[in-house]
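Quick notes on the structure that follows.
The values are calculated or read from the model by the stated rules, or taken from the named source; none is laboratory data. Everything numeric in this text was worked out from a predicted model, so none of it was measured. FYI the Cβ positions are ideal-geometry reconstructions off the backbone, even for glycines, and counts take in every protein chain you see.
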Amino acid sequence: MLDQETLDRLWKFEDPELSEQRFRDALADPGYDADEKAELATQLGRAIGLQGRYEEAGALLDSLDGEEPTVGVRILLERGRVLNSSGHAAMAVPLFEQAAELGDHLGEEYLAVDALHMLAIADSAHAELWTRSALEYASTAHDPHTRRWMVALHNNLGWTLHAAGRFTEALVEFQLAEQWAERTGTAAEEQDAREAILACELALAEG
């Protein structure tokens, strides 16, 4: 199976058209076996969905054989993402729940955290609960790549708390996001955390 770093190198999230082409090129590469190509195809479906071509993305994902367990988790995740993005968040929730459970069972830490992170988005009424679950999971992950989720998760929780007017708690989360960004993240993530900290401090000062 493919490691997450291999897939991440093909992704350019701000340019889903380019990502689509990269995954199509990878699928044409004879160096990948059938299961690896199925994994690549799930990401092709995601790239197509990010362009708003939801029916096409759904049809592609439905055509994939999810017998291999990790591929099965990825299919659940990407089906859920397509449903969520197309305005069917409630239908996406059980798919993300299945993906989180199966990912955990398989020891696919990165995918389990991804599914919990998506649950916080799709099930916004329980966003704090899902994000805290994802943080607890990612903080004990053996995989360094999975621990990188800590930056985004603390940031997301910070904004959830900020939106609820819980600025002191939000500030703590943004400070944690900055600390994790310094350890495992990027310069852009560090900058985002600092800007969020300033926004929180301003809100506290005005309050």
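Structural remarks
- Residues in the range 162-195 that are without any contact (Cβ under 8 Å) to a residue 12 or more places away in the chain, closer than 25 Å to Asp3 by Cα and of a type in the set (A, V, I, L, M, F, W, C): Ala187, Ala188.
- If you go through the range 67-95 and pick out every residue that is of a type outside the set (Asp, Glu), in contact (Cβ under 8 Å) with a residue 12 or more places away in the chain and outside any helix (DSSP H, G or I), you end up with 1.
- Just one residue in the set Ala47, Ala59 is more than 16 Å from the chain's Cα centre (by Cα) and either in a helix (DSSP H, G or I) or modelled with pLDDT of 95 or more (or both); that residue is Ala59.
- Residue match in the range 21-38 (condition: touching an Asp or Glu at 6+ places or on another chain (Cβ under 7 Å), among the aliphatic types (A, V, I, L, M), in a helix (DSSP H, G or I) and surrounded by 18 or more Cβ atoms within 10 Å (Cβ to Cβ)): yes
- Scanning the range 135-153 for residues that are touching a residue at least 12 places away in the same chain (Cβ under 8 Å) and either of a type in the set (Val, Ile, Thr) or surrounded by fewer than 14 Cβ atoms within 10 Å (Cβ to Cβ) (or both) turns up His142, Pro144, Thr146, Val151.
- Checking each residue in the range 162-197 for being more than 19 Å from Ala134 (Cα to Cα) and in contact with a Leu (Cβ under 6 Å, 6 or more places away or on another chain) picks out only Phe167.
- Of the residues examined, Trp159 is not one that is closer than 30 Å to Thr70 by Cα, touching a residue at least 12 places away in the same chain (Cβ under 8 Å) and in a helix (DSSP H, G or I).
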